[in-house]
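The values are calculated or read from the model by the stated rules, or taken from the named source; none is laboratory data. For clarity, every value in this text was computed on a predicted model and none was experimentally measured. For neighbour counting, all protein chains shown are included, and Cβ atoms are generated from backbone atoms with ideal geometry for every residue, glycine included. We work out accessible area using only protein heavy atoms, side chains counted, and drop any ligands, DNA or RNA first. Shrake-Rupley method; radii C 1.70, N 1.55, O 1.52, S 1.80 Å.
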Amino acid sequence: MKDSMTPAVRTTGHSQRGQCAKRMSILDAAADVFCRQGFAAASIDEIAAVACVSRQTIYNHYREKETLFVAVVEDVMNRANAMLFSVLSTFPDSADDLEDDLTAFAVRLNKNCICNHDGKFLRKLVQTEGERYPHLFENWRQQGPSKLTTALSALLARLAHKQALAIDDFEIAARQFVALANADLQMMTLFGGTPTNEELEKAARNAVRTFLKAYGGPKAEKAGAQPQLAAISD
């Protein structure tokens, strides 16, 4: 009985792996086409050609273009969230070298979550399609930016509890930290550019110095984490 079952099990396993590979190929192809053409202009035929599958195969997996688009956004978002929480796990937890530690964290956040391929992809789709198809990005709004704000708020609260920061509203402070970290890079990334390590460092340093000027706590002050305003433009 065992021998007679083995081929069927193997065939099923190969079939499942093949279906998974095909689905990933479709998602990758769709992401490429949606990014270049936008949702409205993208065609299932072009996606099928890029994925090297038939048009019917795509419909078998995703039924319609909108379902495929949502699946692409969710796939990219899942990768982006995995990277985001990996970076958040490196957030500093002491005031000993707070400026340097927060600067290094801001560099990692920008490099791996905002200026990377997935971050650029999501930002471009939101900019080009968000107004016309807001319902397609509802899950992204709930699972993307809001998760970052919630998690970062908790991390800032931990530093505030240790008197490294003085913050009244942690959610506002979290949003401001992210906005400051990305402020010097917005124009570059808007046009598809990728900042150098030096540009990432400078943007992060300026952001953190401004942030600490507003929110630095007693322990941060003792550690010398609040430089003069003139240093912000260095």
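Tabulated results
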item	result
Length-normalised contact order of the stretch 64-191 in % [C-alpha pairs under 8 Å, at least 6 apart]	29
Per DSSP, loop GluC sites (Glu not before Pro) in the stretch 100-187 with at most 14 further Cβ within 10 Å	Glu131
Asp93/Ala21 FRET efficiency (R0 30 Å; Cβ-Cβ; nearest 0.05)	0.15
Kyte-Doolittle at least -0.5, axis length at least 15 Å by Cα - qualifying DSSP helices, the chain	2-41, 65-88, 98-109, 145-161, 170-183
Compactness of the stretch 23-153 as Cα Rg over 2.2 N^0.38 Å, two decimals	1.23
The stretch 49-71 residues near the modelled Asn139 label - backbone nitrogen below 13 Å, point 7 Å along Cα→Cβ	62, 66-71
Solvent-accessible area, 1.4 Å probe, carbon plus sulfur percent, for the stretch 77-159	54
Over the chain - Rg/Rh using Cα atoms and the Kirkwood inverse-distance radius	1.11
The chain, relative contact order [Cα under 8 Å, separation at least 6], %	20
Accessible area of the chain divided out per residue, in Å², using a probe of 1.4 angstrom	54
